[in-house]
Amino acid sequence: MSNPLRTIPAVDTLLKDKAVQAAAAGIPGPERTYRIRKVLGEIRSELTKKRGEPLTYEEITGRIVQALRSCKARKFQEVINATGVLLHTNLGRAPLPQPALERLQVLGGTYFNLELDLKTGQRGSRYTNAAELFNLLNQDETGEKDTLIVNNNAAAVLVVLKALAAGGEVLVSRGQLVEIGGGFRIPEVIAASGSILKEVGTTNRTRLDDYLGAITPKTKGILLVHPSNYSIVGFTESVERQALAQLAQEQGLLLIEDLGSGAFPPFPGPSIPQALKASHVVTYSGDKLLGGPQAGIISGKKHLIDIIKKEPLLRAVRIDKLSLLALESVLELYLNQDYQKLPLWQLAKLDKKAIKERAQNWHAQIGPGLKGEVLPALSTMGGGSLPSETIPSWALVLSSPRLSAQGLFSWLRRSRPAVIGRISQERLWLDPRTVLEHQEKALLEILAQGVPPCS
């Protein structure tokens, strides 16, 4: 019997194959060679173990083409968000406003004064300008507050606790020991900071006396955590921020508050300026209700921020230059009250009647193999923001005699650009609220093509 391994074509031969070349378009040369060799290695292993019939040339190229397509699908690319979730964590949360993109285009492609004081010629701080903008938004013109920026809010909480409470106890209500996206849990962040978690109260009810009774000579602070991605309803009780602030003052403790999303007017949600009137230090995210890039912001009393600035961990988690450029641009929009230039604000404020008309237009243009109707829907902010609140909307609800709801979901996910909807009641819902205006033409072209008979 002939050796089946001898029928495997050479890599150079496969690189010249037209089907392989088409599938590999856009993939760097070394990477496409690696992908082909990997598939060939898998085939050799299968033939060696099973000693079966050799694969045909067409079967081998088919597997390579599929591997190359899968490789391209894993790369970052445009996605049309039709889920109705405005801050979709898997889809990058808040889209950046045009002024931020323009600043990235101009300064991201050149040198700029990231840590250079152009006035003195000496080394400066990357935080200075953004901190001043945050202080203005936080209604602090006295210089009593300051701000630092790191790469995400979990890092913000970590560096604050490490700088201000390492080695000491931190009191947290059991109802606030949350887990945020990606499996990161507040107890783990506290442990990583070198602080000692001391739980108080119960999951659903925590009183001021619970905090008072838990204080020991080792206690350094109280951590107030906003339950960003869930809510407890029913037989509940919690302690207001102002009462905790008074307790912290009386006991000589720090009140540290993790707002999670955090918001500046006119956005609803946990108000950052209000929190700073009571809490010593407040942390919040840049890419949630703020509508900017991924960032973790630390605002608070200046003397405490000065201590945090000396924490060695800060350098390891500081914000990168491109995110900082985008963040400054977003803050300027807030200060100028140019809210309409923030994509998140635009989407949240879309008129329900206009959304219904868009959904009806989509319905009128769906292609073969698709059935649809326009129904009332509820959009959500997402990203762990405003968990109990919804925004009235409308959606195009699709079904197909050829595909299940999951099949429709997969078909649209594999389109170019990819379209992501949500499945409910065994049908696929597409909410226009989260579809950006410039993406609508591409979505209509995909819907108009309809579902192929053998999709």
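The values are calculated or read from the model by the stated rules, or taken from the named source; none is laboratory data. Since we're looking at a predicted model, the values are computed, not measured. With ideal geometry, Cβ positions are generated from the backbone for all residues, glycine too; neighbour counts draw on all protein chains shown.
Limited to the range 206-242, what total is found for residues that are modelled with pLDDT of 90 or more, over 22 Å from residue 288 (Cβ atoms) and of a type outside the set (Val, Ile, Thr)?
Number satisfying all stated conditions: 14.
Which condition from (1) modelled with pLDDT of 95 or more; (2) touching a Gly at 6+ places or on another chain (Cβ under 7 Å); (3) not aliphatic (A, V, I, L, M) is the one that residue 261 breaks?
The number of the failed condition is (1).
Determine whether the range 373-391 contains at least one residue that is closer than 20 Å to residue 90 by Cα and part of a loop (DSSP other than H, G, I, E, B).
yes
Every residue in the range 236-282 that is in a helix (DSSP H, G or I) and small (Gly, Ala, Ser), please.
Matches in the range 236-282: 243, 245, 248, 275.
Only one of 323, 299, 261, 329 is closer than 21 Å to residue 390 by Cβ, of a type in the set (S, T, N, Q) and within 23 Å of the chain's Cα centre (by Cα); which?
The unique qualifying residue is 261.
For the condition within 26 Å of residue 293 (Cβ to Cβ), outside the structural domain of residue 264 (by TED's automatic domain parsing) and either at pLDDT below 95 or among the basic types (Lys, Arg) (or both), what is the one hit in 422, 358, 402?
One residue alone meets the criteria, 422.
Among the residues of the range 290-322, write down those that are surrounded by fewer than 21 Cβ atoms within 10 Å (Cβ to Cβ) and small (Gly, Ala, Ser).
Hit for the range 290-322 is 316, nothing else.
Mind listing whichever residues of the range 4-25 are assigned to a loop (DSSP other than H, G, I, E, B), closer than 16 Å to residue 44 by Cβ and free of Cβ contacts under 8 Å to residues at least 40 places away in the same chain?
The one that is assigned to a loop (DSSP other than H, G, I, E, B), closer than 16 Å to residue 44 by Cβ and free of Cβ contacts under 8 Å to residues at least 40 places away in the same chain: 10.
For every residue, the table says whether it meets (1) within 29 Å of residue 322 (Cβ to Cβ); (2) surrounded by fewer than 22 Cβ atoms within 10 Å (Cβ to Cβ); (3) of a type in the set (Asp, Glu); (4) not assigned by TED's automatic domain parsing to the domain that holds residue 321.
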position	(1), (2), (3), (4)
139	yes, yes, no, no
148	yes, no, no, no
162	yes, yes, no, no
165	no, no, no, no
171	no, no, no, no
178	no, yes, no, no
184	yes, yes, no, no
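Can residue 69 be described as in contact with a Cys (Cβ under 9 Å, 6 or more places away or on another chain) and either surrounded by fewer than 18 Cβ atoms within 10 Å (Cβ to Cβ) or assigned to a helix (DSSP H, G or I) (or both)?
Spelling it out, it is not the case that residue 69 is in contact with a Cys (Cβ under 9 Å, 6 or more places away or on another chain) and either surrounded by fewer than 18 Cβ atoms within 10 Å (Cβ to Cβ) or assigned to a helix (DSSP H, G or I) (or both).
I'd like the full set of residues that are of a type outside the set (S, T, N, Q), over 23 Å from residue 72 (Cβ atoms) and surrounded by fewer than 16 Cβ atoms within 10 Å (Cβ to Cβ), limited to the range 4-53.
5, 6, 10, 44, 46, 49, 50, 51, 52, 53
Can you tell me which residue in the range 72-93 is farthest from residue 431 (Cα to Cα), limited to those that are polar (S, T, N, Q) and buried (at least 18 other Cβ atoms within 10 Å of the Cβ)?
Within the range 72-93, the match that is farthest from residue 431 (Cα to Cα) is 81.
Considering each of 154, 131, 82 in turn, give the residue that is without any contact (Cβ under 8 Å) to a residue 24 or more places away in the chain and under 23 Å from the mean Cα position of the chain (by Cα).
131
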